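Working notes for the structure below.
The values are calculated or read from the model by the stated rules, or taken from the named source; none is laboratory data. The structure displayed is predicted, hence computed values, not measured ones. Cβ: placed from backbone, ideal geometry, glycine included. Neighbour counts: every protein chain shown.
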Amino acid sequence: MVIVVDAQADPEGAVRAACQVLRSGEPVAIPTETVYGLAGDIHNERSIQRIFGIKARPNDNPLICHVASIEMAQNYVIFDDMALTLARSFWPGPLTLVLKRKLAGRAIEMAAASLPTLAVRVPQGFSRDLIESFGSGLAAPSANLSGRLSPTSANHVTTNLGNRMAMVLDGGPCTIGLESTVVEVSDGKCRLLRPGGLDVTAIQSVIGTSLVNVAAGQGFKSPGMMASHYAPSAKVRLDARQVFPGEALILFGPHSVAGAANAVAAFNLSEKGNLKEAASRLFDTMVQADASGAGTIAVTTVPCVGLGLAINDRLRRSAAPRPL
């Protein structure tokens with residue numbers, strides 16, 4: 001039976017309990033500012049195997065190594081000047097850098113899906129304190145079944161993964177609510193592999209040039225590149241201008257659409273049209289819409305600017321054709 005530990009009421013006790021489980025080779029679900037992660041010792045082969053097994057995740061889909069500092073990250077990957085500039089500008093925070101891998105070893109190879117690169121980031125808050133106490137990097141993909149909606153609360157984790165794992169640390173709802181932005185830095189260039197909780201324009205303002213956007217579904221260079229991903233059980237219909245009987249409805253902004261009264265359930269990501277609020281509520285809202293029992297979730301248009309780039313990325317992948 002999964003143990004849920006209140007990391008808000010007793011953060012130090014939660015760190016001690018989690019470290020004990022992690023050192024045994026078992027993963028622990030941890031809260032981050034982006035989404036809840038399924039964390040395991042990146043140096044422990046059994047731990048990495050357990051992460052892939054619990055999530056039913058393809059072995060060729062690499063994991064992110066979460067670290068407590070740039071100095072810890074330098075044990076795992078090689079930084080050039082551009083990567084250091086980005087790390088110093090945005091860490092801790094929702095930016096993942098894909099860099100040339102420094103370390104080998106069976107567990108690291110498994111986490112990196114045998115790629116010559118490794119994805120690394122420094123999270124904010126409790127999870128960073130946990131990593132610092134643990135003393136080395138934690139591999140931590142989202143704490144859900146592969147391809148399903150990402151969890152932004154401890155309840156999402158326990159509902160999705162049930163008793164597949166030993167411990168969940170409850171840190172309350174995630175403040176950002178979208179996975180990190182993933183950028184590959186190599187050969188003096190930055191490539192956007194996944195838009196996320198850090199606005200791409202902020203990155204471009206630091207590096208002084210545009211990011212090359214790498215399309216999803218063209219092989220796994222980093223986590224979050226599956227063409228079909230972040231999916232509820234229900235089908236998802238985008239840019240909805242009307243609602244059909246039996247559908248659930250997700251709105252954005254102050255305006256409704258034709259046939260809204262037909263909806264099985266209706267939600268609004270942000271009545272004020274605030275993209276930050278919409279991002280933080282996206283996955284929880286989709287979980288609620290999916291729980292309504294509707295066969296289809298109709299989603300109105302979200303502007304594809306700022307954080308809207310990441311929101312639309314998640315919505316498009318949730319609506320993509322799913323593997324059989």
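Go through the range 162-190 and give me each residue that's in a strand (DSSP E or B) and touching a residue at least 60 places away in the same chain (Cβ under 8 Å). Can you show your working first?
First, the residues of the range 162-190 that are in a strand (DSSP E or B): 167-170, 181-186, 189-190.
Result: Met167, Val168, Leu169, Asp170, Thr181, Val182, Val183, Glu184, Val185, Ser186, Cys190.
Report, ordered by the first and then the second residue, all pairs with beta carbons closer than 9 Å, sequence separation of six or more or different chains, a first member in the range 242-267 that is charged (D, E, K, R), and a second member that is part of a helix (DSSP H, G or I).
So the pair list comes out as Glu247/Asn262.
Residue by residue through the range 240-265, note down the ones that are aliphatic (A, V, I, L, M), more than 27 Å from the chain's Cα centre (by Cα) and either part of a strand (DSSP E or B) or over 18 Å from Ala291 (Cβ atoms) (or both).
The answer is Val257, Ala258, Ala260, Ala261.
State all residues of the range 271-303 that are part of a helix (DSSP H, G or I), surrounded by fewer than 17 Cβ atoms within 10 Å (Cβ to Cβ) and of a type in the set (Lys, Arg); if no residue qualifies, say none.
Passing the criteria: only Lys276.
Tally the residues that are touching a Gly at 6+ places or on another chain (Cβ under 9 Å), among the charged types (D, E, K, R) and within 22 Å of Asn160 (Cα to Cα), restricting the search to the range 274-312.
The total comes to 2.
Quick test of your reading of the structure: Gly177 fulfils all but one of (1) surrounded by fewer than 24 Cβ atoms within 10 Å (Cβ to Cβ); (2) over 27 Å from Gly208 (Cα atoms); (3) at pLDDT 95 or above; (4) in contact with a Lys or Arg (Cβ under 7 Å, 6 or more places away or on another chain). Name the failing condition by number.
(1)
Are any of the residues in the range 28-43 over 23 Å from Ser153 (Cα atoms) and crowded, with 24+ Cβ neighbours inside 10 Å? Give the derivation first.
So the first thing to find is which residues in the range 28-43 are over 23 Å from Ser153 (Cα atoms), and the list is 42-43.
Imposing the further condition that a residue be crowded, with 24+ Cβ neighbours inside 10 Å reduces the set to 42.
Yes; the residues of the range 28-43 include at least one that is over 23 Å from Ser153 (Cα atoms) and crowded, with 24+ Cβ neighbours inside 10 Å.
Determine whether the range 8-26 contains at least one residue that is under 27 Å from Gly105 (Cα atoms), under 18 Å from the mean Cα position of the chain (by Cα) and either at pLDDT 95 or above or not assigned by TED's automatic domain parsing to the domain that holds Asp199 (or both).
There is no residue in the range 8-26 that is under 27 Å from Gly105 (Cα atoms), under 18 Å from the mean Cα position of the chain (by Cα) and either at pLDDT 95 or above or not assigned by TED's automatic domain parsing to the domain that holds Asp199 (or both).
Based on what the data block shows, is Arg50 among the charged types (D, E, K, R), surrounded by 17 or more Cβ atoms within 10 Å (Cβ to Cβ) and outside any strand (DSSP E or B)?
Working: among the charged types (D, E, K, R): yes; surrounded by 17 or more Cβ atoms within 10 Å (Cβ to Cβ): yes; outside any strand (DSSP E or B): yes.
So Arg50 passes the test.
In the range 243-270, what residues are under 20 Å from Leu282 (Cα atoms) and not hydrophobic (A, V, I, L, M, F, W, C)? Give the derivation first.
Taking the range 243-270 as the starting set, the residues that turn out to be under 20 Å from Leu282 (Cα atoms) are 243, 247-257, 260, 263-270.
Listed by number, the residues that qualify are Glu247, Gly253, Pro254, His255, Ser256, Asn268, Ser270.
Between a residue in the range 284-298 that is without any contact (Cβ under 8 Å) to a residue 24 or more places away in the chain and any residue that is assigned to a loop (DSSP other than H, G, I, E, B), which pairs come within a Cβ distance under 8 Å, given they are 6 or more apart or on different chains?
These pairs meet every condition: Gln288/Ala265.
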